[in-house]
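Read-outs throughout are calculated quantities, based only on the coordinates presented, and are distinct from any laboratory measurement. Every value quoted in this text rests on a predicted model; they were computed, and no experiment measured them. Cβ: placed from backbone, ideal geometry, glycine included. Neighbour counts: every protein chain shown.
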Amino acid sequence: MTTAPLEDSAGLAGKRVLLVIGSGIAAYKVLDLARHLRRAGASVRAVMTPSAHHFVTPLSVGSVIGDLVHSELHSLTGEAEMGHIQLSRDADLVVVAPATANLLARMAQGIVDDLATTVLLATDKRVLVAPAMNLRMWLHPATTRNVAQLKRDGVLFVGPMEGSMACGEYGPGRLAEPLDILEAIRDALRGDTRVPLPPGVTGRPPELAEPSLPLAGRRVVVTSGPTQEPLDPVRFIANRSSGRQGHAIAAAAHAAGAAVVLISGPVALADPPGVDVRHVETALDMRAAVEAALPADLFVAAAAVADWRAAAPSREKIKKGDADEPPELRLVRNPDILAEVAGRAGGRPRLVVGFAAETENLLANASRKLERKGCDLIVANDVGAGSDVMGGASNAVHLVSRLGVETWPKMSKAEVAGRLIAHCATLLDSKP
Ligand SMILES: Cc1cc2nc3c(=O)[nH]c(=O)nc-3n(C[C@H](O)[C@H](O)[C@H](O)COP(=O)(O)O)c2cc1C
């Protein structure tokens with residue numbers, strides 16, 4: 001269980017959270033969650049499913065959040081102002097807790113038969129769900145299918161945990177602890193929580209439409225995350241890349257109007273909505289997926305591809321054995337995907353961007369990498385001890401090109417992504 005101090009408001013102060021409360025025995029714990037959110041400076045509005053009223057009263061939820069609780073879809077006053085749309089838009093994040101099996105099923109199917117599910121379908125923001133149910137309900141293939149579908153749709157999950165249930169059974173299905181949900185909310189609120197409309201759809205009448213998007217009509221391929229190189233069926237070589245920067249770049253390219261393919265190594269992140277995500281494990285898989293995704297106007301290699309892989313991964317688990325001598329590990333070089341794409345004779349993307357994560361001589365190494373790989377731009381970042389870049393939420397980068405070095409101040413990975421994509425769009429427009 002997380003033990004974050006309650007007064008720690010980092011990332012939550014001023015944020016607006018819409019809580020959707022389902023009809024589960026754990027609904028009372030949401031009062032605690034709402035209390036923590038408010039103490040951390042977030043404002044909370046709440047929607048309860050009609051059936052949730054059996055478990056917690058609108059009066060108690062309302063007293064904790066300091067606002068009226070909403071339940072009625074066809075309430076005249078609310079709907080006169082298109083209440084369900086407004087509720088779904090006036091939030092930075094929608095949090096469903098407890099998410100019952102029924103609510104997950106309705107969400108996965110797009111069923112809209114009460115205020116909660118209407119808000120969940122109409123929202124333009126990310127949705128985080130905290131499931132809670134009996135272990136048989138959680139493990140049932142129908143729930144497994146619904147959860148998989150929701151994850152594909154970009155819905156974020158926290159929990160459930162394993163533990164004792166109100167029904168006396170023990171297993172997976174307990175609601176995550178309120179402080180763990182709070183942490184997941186904090187994570188989900190990092191960066192842009194808006195879910196973009198598909199390219200070409202603005203949601204506004206043509207006369208009010210924004211000027212055309214900077215990457216409209218362009219195709220972008222991004223790699224992200226680490227690769228995992230197997231030693232045997234249970235062990236692998238990997239690195240600390242979280243994929244946050246690469247995923248943020250893919251999301252920013254999509255928001256800029258591009259058709260985006262994101263090739264992701266194993267990460268703990270949700271797929272960015274609207275992006276064609278292809279999941280891979282090893283460097284060889286990633287190379288094949290990149291080849292299949294090209295051609296593109298812009299290729300951004302943000303993945304931390306392992307330089308080496310085991311020469312001969314074992315089919316069986318390598319035994320520790322009795323001898324003191326550890327097994328010998330022979331490595332071979334992995335393909336250099338960035339250099340291969342930049343060096344393509346035919347079908348080279350017009351702009352090829354690489355990343356250089358260095359722990360020393362950052363700029364000199366980045367310039368050498370630019371030449372060695374033949375790419376157009378290197379985004380260089382210092383990943384030395386204490387930099388908090390690998391896995392962290394922010395990044396301080398230098399843009400190294402043949403014209404020189406541009407240094408950007410430390411900013412969130414989403415901001416780096418937005419600026420990088422805007423920069424690339426300008427370069428693409430100016431390239432013959
Ligand atoms: C005492 C009791 C406890 C329940 N607890 C849960 C639960 O923890 N999780 C769950 O998925 N359903 C639970 N249910 C079943 C839901 O209440 C039921 O499926 C309901 O229709 C879900 O409504 P919703 O979609 O508004 O959440 C419980 C039912 C009862 C009677």
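Of note:
- Farthest toward positive dipole pole in the range 299-390 [+1 Lys/Arg, -1 Asp/Glu at C-beta], among Ala310, Val383, Val341: Val341
- Only Lys, Arg (+1) and Asp, Glu (-1) charged, at Cβ; the range 137-205 dipole about Cα centre in debye: 420
- The translational diffusion coefficient of the range 16-188, from Stokes-Einstein at 37 °C and 0.692 mPa s with a Kirkwood hydrodynamic radius over alpha carbon pairs, comes to 207 µm²/s.
- Across the range 237-294, the mean sequence separation of Cα contacts (distance under 8 Å, 6 or more residues apart), normalised by length, yields a relative contact order of 30 percent.
- Under a 5 Å amide H cut-off, with hydrogens placed 1.01 Å from N, Thr282 pairs with Gln228 among residues at least 5 apart or on other chains.
- Beta bridges per DSSP, both residues in the chain: antiparallel share near 30 percent.
- Centre-to-centre, using Cα atoms only, the range 126-142 and the range 247-278 are separated by 26 Å.
- Fraction in percent of alpha-carbon pairs per bin - 5 Å, the range 90-195: 2, 13, 23, 24, 20, 12, 5, 1, 0
- Put in line by how crowded their Cβ is, counting other Cβ atoms within 10 Å and starting with the fewest, Lys15, Lys317 read Lys317, Lys15.
- Computed from the alpha carbon positions, the gyration tensor of the range 296-352 leads to an equivalent ellipsoid with semi-axes of 38, 10, 9 Å, biggest first.
- Each label point was placed 7 Å from the Cα along the Cα-to-Cβ direction; for Arg350 and Arg330 their separation is 4.7 nm.
- Loop GluC sites (Glu not before Pro), the range 131-209, which have at most 13 other Cβ atoms in a 10 Å radius of their Cβ (DSSP): Glu169
- Put a dot 7 Å past the Cα of His54, heading toward its Cβ, do the same for Arg190, and the two dots end up 4.0 nm apart.
- For the pair Trp308 and Thr426, a Förster radius of 25 Å applied to the C-beta separation gives a FRET efficiency near 0.10, rounded to the nearest 0.05.
- Whole-Hz ³J(HN,Hα) from phi, Karplus 6.51 cos²θ - 1.76 cosθ + 1.60, for the range 39-51, glycine and proline x: 5, 7, x, 7, 9, 10, 10, 9, 10, 10, 5, x, 6
- Non-local lysine pairs in the chain, meaning eight or more places apart or on different chains, with alpha-carbon distances under 23 Å, amount to 11.
- Long-range Cα-Cα pairs in the range 174-285 (distance over 26 Å), rounded percent: 35
- Taking label points 7 Å from Cα along the Cα-to-Cβ direction, Arg152 and Asp90 give a separation of 3.6 nm.
- Debye equation applied to the C-alpha atoms of the chain, log10 I(q)/I(0) at 0.10 Å⁻¹: -0.80
- The mean sequence distance of close C-alpha pairs (under 8 Å, at least 6 residues apart), as a share of the length of the chain, puts its relative contact order at 11 percent.
- Hydrodynamic radius of the range 253-375 per Kirkwood, over alpha carbon pairs, in Å: 16.9
- Top of Leu351, Leu331, Leu115 by mean-square fluctuation, Gaussian network on the chain, Cα under 10 Å: Leu331
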